[in-house]
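Comments concern the structure below.
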Amino acid sequence: MEPIHTSDGNFENDVLKSSTLVLVDFWATWCGPCKALAPKLDEIAKEYGEKVVVAKVDIDQNRETPTKFGVRGVPTLALFKDGELVDQLVGNHPKDSITALLDKHV
C-alpha cells in the first residue's frame, strides 16, 4: 500500500477511527530530514501492507492536528492503535528502528 495524505479535516476518520494500526508522519516540505525519511516510509507501507497504514500530515497546511498531539519538531512519527497514541519517534530514524516500533504493536 502507498502512504495516504490526511488533514485536520480527515484525521479523525483516517487515523482515529481506523481499525488498523496507523503510523502518522508529521512532516514539512522545507524539512531535509523529512525528505530523507520519506523513502523509508514508502518501503514500510509496502512491506506491512494491510497491517499498518502510513499516513502523512503536512504541518504547515494542517496546524490543528500536530498541536493537539504535541508535535514540536519534524519529522515526528506517531503510532496510533484503536484511536489512541501509543508510541512515537522524533527525527529521521533508521528503518530498523521504525519497524521495531511497529512490531511491538502489530
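Taking all Cα-Cα distances within segment 34-74, those exceeding 15 Å account for 51%. Computed on the chain, with alpha-carbon pairs under 8 angstrom and 6+ residues apart, the relative contact order is 38 percent. Hull volume per residue, based on the alpha-carbon atoms of the chain and their convex hull, is 84 Å³.
Each value in this text was obtained by applying a stated rule to the coordinates, not by laboratory testing. Everything numeric here is computed off the predicted structure, so don't read it as measured data.
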